[in-house]
Amino acid sequence: MPTLRARDLEWLKAGFGGTIVLPDDGAYESARTIWNAMIDKRPAVIARCATTSDVVRAVSFARDTGLLLAIRGGGHNIAGNAMCDGGLVVDLSSMKAARVDPVGLRVTVEGGATLADLDAATQAYGLATPVGINSTTGVAGLTLGGGFGWLSRKHGMTVDNLESAEVVTAAGEVVRASATEHPDLFWALRGGGGNFGVVTRFEFRLHRVGPDVLSGLIVYPIAEAKTVLQRYRDFLADAPDELSVWAFLRRAPPLPFLPPHVHGTGMIALALSYFGDPKRGEALIEPLRRFGAPLGEHVGVQPYVAWQQAFDPLLTAGARNYWKSHNFSTLEDGLFDAVVAAVGTLPSPQCEIFLGAVGGATTRPAADATAYPNRDARFILNVHGRWDDPADDTRCIGWARDFFQASAPFASGGAYVNFLTADEGGRVRAAYGPNYARLARVKRTYDPNNLFRVNQNIAPA
């Protein structure tokens, strides 16, 4: 590993507008801490950038000194790719500005912004773009891996709404990638992860959303899970794109609308949101209440930003997290049996399995329209292992892996790169399928020496 020389460090600091954090600094421990507590990496330098020029300087420093380079946006990546051992971290977390053009229906947001930052800026005008469901997630990582959430059935993946990106390349150049400028890079950024440069600004297309939406939870006992899942599958086959319904299976948290005696017991929750006239939505969701005998529900018209943050209390920073994921084009009864069996052996009260319904607008682009190829996926399943005590690592990771294997025969193939853990580098080719060869060629053009390799890596062709 290269030795960090004092004169090199002085060059980095000279003209750097942000903050350089070193291991002896008081801010170091907090600066190296990210969302997943399983990640315990110690970089040699953390460059907290304030401007694109700072990013250029930091990238050039890592390239010229041979230091390993990691990029931190929101610090939420499950694999811990926001940090590295002994290298340099380009930390964008101070670069959060968002600028909305309400007439042109566009937003430009910096690479360190979270979903909460983006939603707050756009909802001031009753606008939104499809992003994820945990507001502390970083916009950058979510977008570069594809991105999906409640709005995706109606308006597509996050990458389907990306209009342009400002990118710092491995050569230290700042380029604008769009459909007409560096179009090959723009194609690769839309799903290819952080393999091609540091995106310092994203420009998204916006849609009229809210500010209030019909949304909430309908909760059933775990004993009815298979029947609920079967009816859920049939219901979604004919549901309009404006309606999004996801299924969550876990132990019931102490939600105030649930009777106290069911807290901590197994449940299946249907999380719904309707992006249209709430009165029409009420009629559409009525069948969801008849899938069995509900334990309770909390459904009504609420601010879109509140719904975007509804799951935050279950996904706070500081827990240990290990995920596994599959894509599904159809949901078979055999999968439901595997799900119910796994929920019966949850190793921690925080573990869960969710089925995120995509489909609709996410399936309409061709598989090679963007780097994200999985256009046949109508559901993305996440096996979310989550716990607090390191002594439980083996048991909780084993549970997630066992269910991943049990559900594999029913999956449609491919993978969602944002859900891949650090030990799943072997699934990267499968994640990109027929798009992998083109991505490797773009990588060769923009990062021939694989400077950007702390990620789900695509090697240069």
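The values are calculated or read from the model by the stated rules, or taken from the named source; none is laboratory data. Please read these numbers as outputs of a predicted model, since none were measured by experiment. Neighbour counts are summed over all protein chains in view; Cβ atoms, including those assigned to glycine, are modelled from backbone coordinates with ideal geometry.
From the residues in the range 22-35 that are within 14 Å of residue 84 (Cα to Cα) and under 27 Å from the mean Cα position of the chain (by Cα), which one is surrounded by the fewest Cβ atoms within 10 Å (Cβ to Cβ)? Within the range 22-35, the match that is surrounded by the fewest Cβ atoms within 10 Å (Cβ to Cβ) is 29.
Quick check: is even one residue across the range 48-57 surrounded by 17 or more Cβ atoms within 10 Å (Cβ to Cβ) and either modelled with pLDDT under 95 or among the small types (Gly, Ala, Ser) (or both)? No, the range 48-57 contains no residue that is surrounded by 17 or more Cβ atoms within 10 Å (Cβ to Cβ) and either modelled with pLDDT under 95 or among the small types (Gly, Ala, Ser) (or both).
Condition check ((1) charged (D, E, K, R); (2) in contact (Cβ under 8 Å) with a residue 40 or more places away in the chain) across all residues:
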| site | (1), (2) |
| --- | --- |
| 279 | yes, no |
| 282 | yes, yes |
| 286 | yes, no |
| 299 | no, yes |
| 333 | yes, yes |
| 340 | no, yes |
| 345 | no, yes |
| 351 | no, yes |
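Here residue 101 passes the criteria (1) out of contact with any Lys or Arg (no Cβ under 8 Å at 6 or more places or on another chain); (2) under 16 Å from residue 151 (Cβ atoms) except the one numbered (2).
The requirement of being out of contact with any helix residue (DSSP H, G or I) (no Cβ under 7 Å at 6 or more places or on another chain), closer than 30 Å to residue 283 by Cα and at pLDDT 95 or above is not satisfied by residue 206. Within this structure, residue 362 passes the test of being in contact with a Lys or Arg (Cβ under 9 Å, 6 or more places away or on another chain), assigned by TED's automatic domain parsing to the domain that holds residue 391 and of a type in the set (Val, Ile, Thr).
The strands (runs of 3 or more DSSP E) found entirely in the range 156-239 that carry 2 or more residues being crowded, with 20+ Cβ neighbours inside 10 Å and touching a Phe, Trp or Tyr at 6+ places or on another chain (Cβ under 7 Å) are 162-168, 212-221. Put simply, of 88, 105, 115 the only residue that is hydrophobic (A, V, I, L, M, F, W, C), in contact (Cβ under 8 Å) with a residue 40 or more places away in the chain, over 15 Å from residue 452 (Cα atoms) and surrounded by 24 or more Cβ atoms within 10 Å (Cβ to Cβ) is 115. When 404, 354 are checked against the criterion of being surrounded by 15 or more Cβ atoms within 10 Å (Cβ to Cβ) and assigned to a helix (DSSP H, G or I), a single residue qualifies: 404.
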